[in-house]
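Enquirer: Let me give you the structure first, and then I'll get to my questions.
The values are calculated or read from the model by the stated rules, or taken from the named source; none is laboratory data. Since this is a predicted model, take the numbers as computed values, not measurements. Glycine also receives a Cβ, built like all others from the backbone with ideal geometry; neighbour counts cover every protein chain displayed. For accessibility, only protein heavy atoms count, side chains too; no ligands or nucleic acids. Shrake-Rupley method; radii C 1.70, N 1.55, O 1.52, S 1.80 Å.
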Amino acid sequence: MSAEHSVSEKQGPKAAVYDSESVGSQPSAPTLKRQLKNRHIAMISIGGVIGTGLFLGTAGSLRKGGPVGLLLGYLIVGTICWSVMITLGEMISYLPIAGGHIKLAERFVDPALSFTMGWNYWYNWTILLPTELSAAALLIDYWDKNTSLNPAWIVICIAVIIVINLLGAGAYGEAEFVFASIKVITVVGLIILGIVLDLGGGPNHDRIGFRYWRHPGPFVQFNNIGGSEGRFLGFWAVLTQAAFAFIGTEIVAIAAGEAKNPRRNIPKAIRRVYIRILVFYIGGVIIIGLLVPSNLEALNLSDGTAASSPFVIAIQRSGIKGYFQIINAALLSSAWSAASSDMFTSSRALYGLAISGNAPRIFGRTLKNGLPLPAVLVSAAFSLLSFMGVSTGAGNVFIWFSNMTSVAGLMTWFGIGVTYLRFYAGMKRQGIDRRSLPFWTRFQPFAAWYTVISTVLICFFSGWAVFLRGNWDTATFVTNYLPLMLFPVLYIGARIYFRQGPVTAEKMDFVSGIAEIEAESWDEPPPKNVWERFWAWLM
């Protein structure tokens with residue numbers, strides 16, 4: 001028996017607990033349209049994993065944590081990311097509604113958490129937009145040797161991503177399919193090239209092996225603090241940047257409201273997240289730690305160019321000439337892709353807030369083709385923050401914004417974990433068998449608890465370095481702790497405003513909207529040949 005039928009039969013009249021708007025049905029026409037195909041969702045889930053966090057942000061992490069500290073930091077955040085995705089996947093594959101986890105929080109927790117998560121998520125992706133544009137500026141500045149950043153490059157980057165988003169979800173999906181394909185080819189190529197260089201296959205025939213794990217060593221003594229304490233602090237300093245690198249995997253939840261055949265395509269994308277984490281991120285940081293010593297001065301993004309990228313450094317040190325120009329172009333397309341995803345996600349988050357009644361109704365309006373034009377335009381306006389890089393330095397702006405988005409993203413993961421714990425409690429109380437859902441795992445509710453506890457710990461200690469003697473930095477303190485402080489403030493304020501407590505497990509609605517979702521689901525025809533079987537496995 002399918003999940004929707006089994007739940008409907010058990011629930012019966014409880015479907016009337018909420019009105020249609022409060023459970024995720026969309027406002028009267030026009031609304032968002034399901035334009036994202038299977039291959040779009042697959043590549044969007046990949047594109048959410050690969051970004052400038054890996055290509056640029058790992059420079060600072062290697063410098064602070066050393067090769068083993070870098071690897072451990074990414075492994076730990078990778079396990080949190082995987083926990084988030086299987087936690088979110090169980091809910092969103094059953095209810096692939098507009099607004100994603102923002103609407104799910106309203107349905108299974110309370111309006112206050114939905115309000116808080118929604119504005120936190122919109123803020124997160126709105127700030128990520130100038131972050132990625134700053135990264136693109138860094139990459140372009142590698143070629144443009146002017147003493148200051150040319151604003152024309154930022155204008156061009158902004159114009160391209162606005163055009164892509166104004167063309168609608170279908171155009172965004174096609175662009176992301178192309179961009180994400182370039183990312184995958186780039187990362188796989190870099191990993192293979194890194195293995196060859198490490199084994200002495202480069203022009204200088206230098207067999208590196210694990211040389212840099214021995215000297216300057218597997219860990220860095222953070223801030224010259226001796227012993228195991230300094231090494232632990234160096235490892236811990238990696239976690240916030242690693243979180244920035246992984247933030248974005250949950251974008252499939254926001255895209256679910258515009259996905260075709262979501263009951264099939266969303267679970268398939270969720271199941272393969274761990275492969276992408278292992279191959280792209282863990283494989284990437286291992287290669288970085290093998291090829292680049294952690295004590296290089298070049299590993300400093302505040303210098304203002306993409307020459308700080310560990311991949312570019314490794315290629316240059318190997319004696320290969322010209323190849324890093326191609327890599328820089330690939331990294332630029334990655335930053336461009338990430339910025340396009342940021343605008344798409346922030347606009348849909350604002351749309352989700354509006355249809356929940358937590359933002360002005362105008363942002364819930366769409367054109368006939370399903371484009372939420374007011375939400376797109378407002379989110380696009382925040383791309384102008386990237387011009388801060390002209391006067392301050394794109395490298396510093398990238399670091400500031402990445403700190404802010406890391407903490408905000410982790411708080412989103414925290415909210416997803418809390419939402420799932422209530423979702424799990426409701427299903428258990430109402431006697432619904434989770435094994436009947438389109439996607440489920442045996443790791444629950446432990447994965448959700450792991451998500452909730454670990455994200456709070458990382459956020460709370462994210463800016464600890466500023467409290468070391470002589471290490472105070474106001475910008476670092478504000479960018480790390482402002483998003484953390486805003487989350488409880490928004491939630492408490494919303495609870496006072498809405499005057500509504502959490503939804504009890506007995507009254508949770510697992511039925512409303514299922515008929516519409518079922519109407520959008522169908523069985524895919526079986527593959528007819530080897531190529532189609534390979535494509536079905538890949539996507």
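Enquirer: Say a paramagnetic label sat at a point 7 Å from the Cα of ARG442, along Cα to Cβ; which residues of the stretch 88-103 have their backbone N under 13 Å from it?
Expert: None, by backbone N distance to the label point.
Enquirer: Taking only protein heavy atoms and a 1.4 Å probe, what accessible area per residue, in Å², does the stretch 157-225 have with all protein chains in place?
Expert: 48 Å²
Enquirer: Separate question: Sort 194-206, 439-451 by the packing proxy (mean of other Cβ within 10 Å over each peptide's residues), most packed first.
Expert: Values: 194-206: 15.6, 439-451: 17.8.
With the highest mean Cβ count within 10 Å placed first, the list reads 439-451, 194-206.
Enquirer: Can you work out ³J(HN,Hα) from phi for every residue in the stretch 438-445, in order, using Karplus 6.51 cos²θ - 1.76 cosθ + 1.60 and θ = phi - 60°, giving whole Hz and x for Gly and Pro?
Expert: Values, residue by residue: x, 9, 7, 9, 7, 8, 9, x Hz.
Enquirer: Run the quick spin-label model on ASN369 and ASN224: label points 7 Å from Cα toward the beta carbon, then report their separation in nm to one decimal.
Expert: Here the modelled spin labels are 6.0 nm apart.
Enquirer: Taking 32 Å as the cut-off for C-alpha to C-alpha distance, list the pairs among LYS268/LYS507; LYS64/LYS321; LYS64/LYS103; LYS183/LYS268 that go past it.
Expert: Numbers: LYS268/LYS507 30 Å; LYS64/LYS321 29 Å; LYS64/LYS103 39 Å; LYS183/LYS268 20 Å.
Beyond 32 Å between Cα atoms: LYS64/LYS103.
Enquirer: Estimate the FRET efficiency between ILE192 and LEU75 by the formula 1/(1 + (r/R0)^6), using the beta-carbon distance for r and 22 Å for R0, to the nearest 0.05. Before the final figure, lay out each step's value.
Expert: On the way: r = 21 Å, r/R0 = 0.98.
So the FRET efficiency works out to roughly 0.55.
Enquirer: Show me the ranking of peptides 180-193, 337-350 by mean Cβ neighbours inside 10 Å, starting with the highest. Spell out each step's value before the answer.
Expert: Details: 180-193: 18.9, 337-350: 27.8.
Listed from highest to lowest mean packing, they are 337-350, 180-193.
Enquirer: Follow-up question, since we're still on this one. Any idea how far apart ALA425 and VAL489 come out in nm if each label point goes 7 Å out from Cα toward Cβ?
Expert: Roughly 2.8 nm, to one decimal.
Enquirer: Between HIS205 and ASN471, what FRET efficiency comes out of the Förster formula 1/(1 + (r/R0)^6) with R0 = 45 Å and r the beta carbon distance, rounded to 0.05?
Expert: On the way: r = 42 Å, r/R0 = 0.93.
Efficiency computed from Cβ-Cβ geometry: 0.60.
Enquirer: I've got another one for you. Grab the Cα-Cα distance for TRP449 and TYR497, subtract it from 0.36 nm times how many residues apart they are, and report the gain in nm with one decimal. Mind showing how you got there, number by number?
Expert: Values: separation 48, 0.36 × 48 = 17.28 nm, distance 2.83 nm.
Full extension from TRP449 to TYR497 adds 14.4 nm.
Enquirer: For LEU384 and ARG435, what does the FRET efficiency come to when R0 = 56 Å and r is the distance between their Cβ atoms, rounded to the nearest 0.05? Intermediate results must be reported in sequence, preceding the final value.
Expert: Numbers: r = 49 Å, r/R0 = 0.88.
It comes out at approximately 0.70.
Enquirer: So, one more: First compute the accessible area of the stretch 159-260 with a 1.4 Å probe, then give the percent of it belonging to carbon and sulfur atoms.
Expert: On the way: 2810 of 4090 Å².
Summing carbon and sulfur atoms, their accessible area is 69 percent of the total for the stretch 159-260.
Enquirer: Length gain on complete extension for the stretch LEU278 to VAL456, per 0.36 nm per residue less the alpha carbon to alpha carbon distance?
Expert: Details: separation 178, 0.36 × 178 = 64.08 nm, distance 2.40 nm.
61.7 nm is the gain from fully extending LEU278 to VAL456.
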